[in-house]
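Some notes on the structure that comes next.
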Amino acid sequence: MKKIIISFVVLLFVQALPAQTPAQLKSWMPDVPGWELAEEIEVFDPDNLFDRINGAAPLFIENNFREMTSMEYKKGDDYITVQAYRHATPEDAFGMYASERSSELEYVDIGGEAQGDARNLFFFAGSIYVKMWTNSTDDVKDALYSIGKTFSGKIDPDAGYPVIVKSFPAKDKVPYSEAYITSSYIGHEFLKSVYIAKYKIDNQDLQLFVIDGKSKEGAKSVLTNYFTFTKQPLEFAEGELLIKDRYNGDIPVIWKDKYIIGIYNESGTPVEGTAILLKDLSEKLK
């Protein structure tokens, strides 16, 4: 009886996690009055993504891209293209979306975060980054946003920022500046899985960042690499530290279990108030 109950629970869990295969994604496309969803779809993987987006492919692959499904709505000679880029994790999808934000687009309440206008829509939800656009000269904004709203709800009805991103203090934060960088943060290959948000304090542009070392030992390994690079003593412990980076200036950090929380300032000069930011964020990261 116990085995049957366990099997039933596992079955429910599996059923609650949609496959998000190309066929599944296509089945989630809503009906749109006046538009017809084409039967055929195109699917690209890391080996042939260059065939579709050429120069942009390396950044997608760097953000752990797995598969892109391209679908199209048609109305006469007009079309709406929907490209769904599946990444390894929600963090990767968010990071890719954040890297392509545009100051020319408005922010829209779709998915975890979205930008769009009358002919374009971009958003992330779950592990998928979605890009939509049309060739129509008519205003198809309502159709675009309707498709995006329904599609994002199917991908992840609770789509939102990664938990660490939600932890960044709001005071002095530049709106919509959050990002996720998979590797080579501030030019160092060993700085990976980095969450950042930009802040402006005393007219200086700062970046508050969190490196997720996955474990206490992982965080220590990152710091060991950093202190080896800066030629600082390797006898360090959890708590407040100062990294003297000859290329990026002094970087105050707090090492807390698996997290490294720090402030990067291009000028390399101390800025009053950053210690409070570091402490505030470290307290939120349990």
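Is it the case that Y180 is within 11 Å of the chain's Cα centre (by Cα), closer than 11 Å to V210 by Cα and touching a residue at least 60 places away in the same chain (Cβ under 8 Å)? Spelling it out, Y180 is indeed within 11 Å of the chain's Cα centre (by Cα), closer than 11 Å to V210 by Cα and touching a residue at least 60 places away in the same chain (Cβ under 8 Å).
Of the residues making up segment 20-48, those that are within 18 Å of L144 (Cβ to Cβ) and not in a loop (DSSP other than H, G, I, E, B) are L25, K26, E36, L37.
For segment 259-274, the condition holds for at least one residue, the condition being that it is assigned to a strand (DSSP E or B), among the small types (G, A, S) and either modelled with pLDDT of 95 or more or surrounded by 18 or more Cβ atoms within 10 Å (Cβ to Cβ) (or both).
Residues that are open to solvent by 70 Å² or more (accessible area, probe 1.4 Å) and polar (S, T, N, Q) within segment 47-64 comprise just one, N54.
Every residue, every condition in (1) under 24 Å from N63 (Cβ atoms); (2) of a type in the set (A, V, I, L, M), yes or no:
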{"site": "V194", "(1), (2)": "yes, yes"}
{"site": "Q204", "(1), (2)": "no, no"}
{"site": "D212", "(1), (2)": "yes, no"}
{"site": "S215", "(1), (2)": "yes, no"}
{"site": "N225", "(1), (2)": "yes, no"}
{"site": "L234", "(1), (2)": "no, yes"}
{"site": "R246", "(1), (2)": "no, no"}
{"site": "D250", "(1), (2)": "no, no"}
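The residues listed here are E42, E67; of these, the one that is acidic (D, E), open to solvent by 50 Å² or more (accessible area, probe 1.4 Å) and either under 20 Å from the mean Cα position of the chain (by Cα) or at pLDDT 95 or above (or both) is E42. Being among the charged types (D, E, K, R), farther than 14 Å from I186 by Cα, open to solvent by 20 Å² or more (accessible area, probe 1.4 Å) and part of a loop (DSSP other than H, G, I, E, B) is a property that E235 has. Selection of first residues in segment 35-50 that are under 30 Å from D139 (Cα atoms) and of second residues that are at pLDDT 95 or above and assigned to a loop (DSSP other than H, G, I, E, B), restricted to Cβ pairs under 6 Å at least 6 apart or on distinct chains, gives the following pairs, ordered by first then second residue: L37/M29. Taken together, the residues in segment 135-186 that are within 30 Å of K74 (Cβ to Cβ) and crowded, with 20+ Cβ neighbours inside 10 Å amount to 9. If you go through segment 82-99 and keep only what is open to solvent by 40 Å² or more (accessible area, probe 1.4 Å) and not aliphatic (A, V, I, L, M), you end up with R86, T89, P90, E91, S99.
Those residues that are among the aromatic types (F, W, Y) and over 12 Å from N265 (Cα atoms), I need them from segment 179-231; list them, please. Within segment 179-231, Y180, Y185, F190, Y195, Y226, F227, F229 meet the criteria.
You will find that of L281, L223, L285, the residue that is touching a residue at least 40 places away in the same chain (Cβ under 8 Å) and crowded, with 18+ Cβ neighbours inside 10 Å is L281 and no other. Screening Y79 on (1) open to solvent by 10 Å² or more (accessible area, probe 1.4 Å); (2) free of Cβ contacts under 8 Å to residues at least 40 places away in the same chain; (3) over 22 Å from Q20 (Cβ atoms) shows it passes everything except condition (2).
Out of curiosity, is A159 in contact with a Ser or Thr (Cβ under 7 Å, 6 or more places away or on another chain) and without any contact (Cβ under 8 Å) to a residue 60 or more places away in the chain? Criteria met by A159. Residues in segment 100-134 that are within 28 Å of T21 (Cβ to Cβ), open to solvent by 10 Å² or more (accessible area, probe 1.4 Å) and touching a helix residue (DSSP H, G or I) at 6+ places or on another chain (Cβ under 6 Å): G111, G126, S127. Entry remark, segment 187-212: residues being open to solvent by less than 70 Å² (accessible area, probe 1.4 Å), of a type outside the set (S, T, Y), out of contact with any Gly (no Cβ under 6 Å at 6 or more places or on another chain) and assigned to a strand (DSSP E or B) number 11 in total. Within segment 144-162, the set of residues being touching a Gly at 6+ places or on another chain (Cβ under 8 Å) and of a type in the set (A, V, I, L, M, F, W, C) comprises L144, I155, A159.
The values are calculated or read from the model by the stated rules, or taken from the named source; none is laboratory data. Bear in mind the structure is a predicted one, so any value in this text is a computation, not a measurement. Backbone-built Cβ (ideal geometry, glycine too); neighbour counts: all protein chains shown. Only protein heavy atoms, including side chains, enter the accessible area calculation; ligands, DNA and RNA are left aside. Shrake-Rupley method; radii C 1.70, N 1.55, O 1.52, S 1.80 Å.
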